[in-house]
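J.: Here it is, the structure, as structure tokens.
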Amino acid sequence: MTKPRPSLEKPTLDKYLDKVTLNEEATHHVLRPWAGIGLGFLFLLVSVIFAAAYVSEEPKYLIILAAAAVAGYMAMNIGANDVTNNVGAAVGSKAITMTTALIIAAIFEVAGAVFAGGRVVSTIEAGIVDAAQMPSGEAFVWVMMAALISAAVWINIATWSGAPISTTHSIVGSILGSGVAAAGFSSIHWASLAGITASWTISPLLGGGVAALLLAFIKTFIIYREDKITAAIFWTPILLAVMTGAFATYFAVIGIEKVAHIPMTQGILIGLAVAALTIFAARPWIARQAAGLDNRNQSLRKLFQLPLILSAALLSFAHGANDVSNAVGPLAAIVANVNGLAIVSTTYVPLWVMLIGAFGISCGLLLFGPKLIRVVGEEITKLNPMRAYCVALATAITVIIATSLGLPVSTTHTAVGAVFGIGFFREWYTRNSKRRLEYVRQKTGQMDFERRIEHSPEESHRRRLVRRSHFMTIVAAWVITVPVSALLSAAVYTVFAALFI
């Protein structure tokens, strides 16, 4: 008599608990996006209440409260889209976790906006529209309101589409569109608009070129050396010095330009002094970090983790200091002009306005930033700490070089262009570097490695290291940002003019 086979089915209670767990997971997955949206609306409500505490005595204060809500919405979209470029490379290289990156960026964005953010900003961004040609102060207020709404909506659409864009270009295009709708084409400063257009190509090409050169340097002098660790001990302090010197110059000349003006010459001297101190301090630290490491590429990544964390913090601080004005500038203009509706070209930014912008950026980053952080750091091309370091350093160096030459650049375009530059350079290097091919032959014994790449279309396609779909989507979004935001803003202003003016 055979024994009955034991049942492989789970007991009824276990199956019931599995269903409950699956239900909970599905519910959590569905509700997670709505939780972010709900928290976002909560922040906008807090912004309105916060603004009401300061402007309850102002005439037409309802307009200011509405503008505060829209500025908060704009700030959240800047955080969800623009800030991701500061930490995306560090997250993609696994130097820091997503949670750590979000916390670092949120803290330093607020610090940069509050402590180094401009207290006086241009209300007509980049001099695009002549304020003197506005038909009235009331029209000027609605120009700013339309610009805020349309820029925020366009950035939101770009974020949802997975395209990192320049928030500065968005607000410039929006002010352009509503300004033209209010005062006509004669009010446009075409020279300034030409500079903005030029930055579409200047920023990513400069960033990509500098990043590729840096990676080529690291590959030549560290990665493909016989004794990698000794080479890293010698060159890494110098690379760290370049980074700290570049950031010191960046902060001195650009990061605090609205608080204190430092000429480029003095800024470079400050950067050189910081670089010298970095070499002196970093050499013993790098030697200790490198002690006992194996002579392989994986060991080198450890030496670049701390510099990446530092660069993410510094880039976030600089971004908060500079780009917060994209959200609070129009709001400050509305606050200043609603009393008597007088038109001014520059506006003092009250602290409460700056706080809405600062915390709005951090709120948007925490709630909606992870999507684009993954796009920039993981989905365009594969990054490790050394490649990510090249992206961060290239961004700072490119902005400094362009500023010294008087060229308009976008930090967003520069950072994303650097990521593309890294990927395309690796594709070229894979096919053409004799040093790398010889290194691969020695390590793997694959003597036909070069021939397989050259003569096999499938192998060549497989070794594409940049996702073309992301490349086309992001470039298309860059090209249409100014015209789309301008058209949207003109339409919004036309509606406002028909209803309120």
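The values are calculated or read from the model by the stated rules, or taken from the named source; none is laboratory data. Bear in mind that the values here come from a model prediction, so they are computed numbers and not experimental data. Glycine gets a Cβ as well: all are built from the backbone with ideal geometry, and neighbour counts include every protein chain shown. We work out accessible area using only protein heavy atoms, side chains counted, and drop any ligands, DNA or RNA first. Shrake-Rupley method; radii C 1.70, N 1.55, O 1.52, S 1.80 Å.
J.: When a/c reaches 1.5 or more, the comparison of a/b and b/c decides; with that in mind, is segment 202-252 rounded, prolate or oblate per its Cα gyration tensor?
T.: oblate
J.: Leaving ligands, DNA and RNA out of it, report the carbon-plus-sulfur percent of the accessible area of segment 214-336 at a 1.4 Å probe.
T.: Roughly 67 percent, rounded to a whole number.
J.: Hey, can you rank 472-478, 312-318, 374-380 by average C-beta count inside 10 Å, highest first?
T.: Top of the packing list down: 312-318, 374-380, 472-478.
J.: Give the peptides 241-252, 325-336 in descending order of average Cβ contacts within 10 Å, highest first.
T.: 325-336, 241-252
J.: Right, here's the next one. Obtain the nm distance between the two label points defined at Ala66 and Ser161 by a simple spin-label model: each point lies 7 Å from its Cα along the Cα-to-C-beta direction.
T.: The modelled label-to-label distance comes out at 2.8 nm.
J.: Taking only the alpha-carbon positions of segment 134-253 and ignoring solvent, what does the Debye formula give for the base-10 log of I(q)/I(0) at q = 0.19, 0.20, 0.23 Å⁻¹?
T.: Taking Cα atoms of segment 134-253 as identical point scatterers yields -1.08, -1.13, -1.24.
J.: Ranked highest first by average number of other Cβ atoms within 10 Å, how do 184-197, 165-178 line up?
T.: 165-178, 184-197
J.: Moving on. Once label points are set 7 Å from the Cα along Cα→Cβ at both Ala216 and Ala35, what is their separation, rounded to one decimal in nm?
T.: Each label point is offset 7 Å from its Cα along the Cβ direction, giving 4.8 nm.
J.: Okay, moving on. Of Lys219/Lys371; Lys228/Lys371; Lys94/Lys228, which pairs sit farther than 28 Å apart, going by alpha carbon to alpha carbon?
T.: Lys219/Lys371; Lys228/Lys371
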